[in-house]
Amino acid sequence: MRILLILAVLAATVPPALAHEEKSEHLTISHPWTRATAPTQKTGVVYMEISANASKPDRLIGAFSPDAEITQIHGMQQDGDILRMRTVEAVEIPAEGKAELKPGGTHIMLIGLKAPLFEETVIPLTLTFERAGKVQIEAVVEAPAARAASSPGQEKSGMHSGHGR
Ligand SMILES: [Cu+2]
């Protein structure tokens, strides 16, 4: 029921062609997306929703994109007044629940982009889950300012300098 509701909301806010999902036996990955980048920008951030279809939880434990030199899973951590990104080991997907990767929160970081991300193209990613194994997805590249209202600047490239490893 909850999944249906999410899809209905997505369908109302993005063009139909962009509302897509990848479904495996265990998981549904709804609308993976990223923002277009300027030619000088070497990092990108990918968001999506991951829902567990079954009564068993799963964990996202890895991500890879051939379009970036390094792909990491990042979480946000409060450090005094500043919200900082840090690499996380895994993202928990609760049984019959979902994990939201969204602006200001957990995300997948592309470091060392091999080419700029152009709007209305897609980039391939392989996600690795503890139970579901590898899942191939394509993230849709949206406008640079996409959903800016919900992202108070955490994804500015300055925030990303110096935490690759
Ligand atoms: Cu990051």
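The values are calculated or read from the model by the stated rules, or taken from the named source; none is laboratory data. Here the structure is a predicted model, which is why all the values come from computation and not from measurement. Because the Cβ atoms are built from the backbone with ideal geometry, glycine has one as well, and the counts that use them run over all protein chains shown.
What the table below lists for this structure:
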item	result
Subset tally (residues that are aliphatic (A, V, I, L, M), out of contact with any Ser or Thr (no Cβ under 9 Å at 6 or more places or on another chain) and in a strand (DSSP E or B)) for the range 19-75	1
Residue list for the range 80-99, filter: touching a strand residue (DSSP E or B) at 6+ places or on another chain (Cβ under 9 Å) and acidic (D, E)	E89, E92, E96
Positions within the range 59-114 being closer than 21 Å to G133 by Cβ, surrounded by fewer than 18 Cβ atoms within 10 Å (Cβ to Cβ) and aliphatic (A, V, I, L, M), in sequence order	I61, V88, A90, A95
Residues of the range 87-122 satisfying the condition of being over 14 Å from the mean Cα position of the chain (by Cα), more than 24 Å from P57 (Cβ to Cβ) and not in a strand (DSSP E or B)	K114, A115, P116, L117, F118, E119, E120, T121
Sole residue being in contact (Cβ under 8 Å) with a residue 60 or more places away in the chain, of a type in the set (G, A, S) and more than 11 Å from the ligand (Cβ to nearest atom), chosen from G112, G80	G112
Residues that are modelled with pLDDT of 95 or more, surrounded by 15 or more Cβ atoms within 10 Å (Cβ to Cβ) and of a type in the set (A, V, I, L, M), drawn from the range 115-134	L117, V122, I123, L125, L127
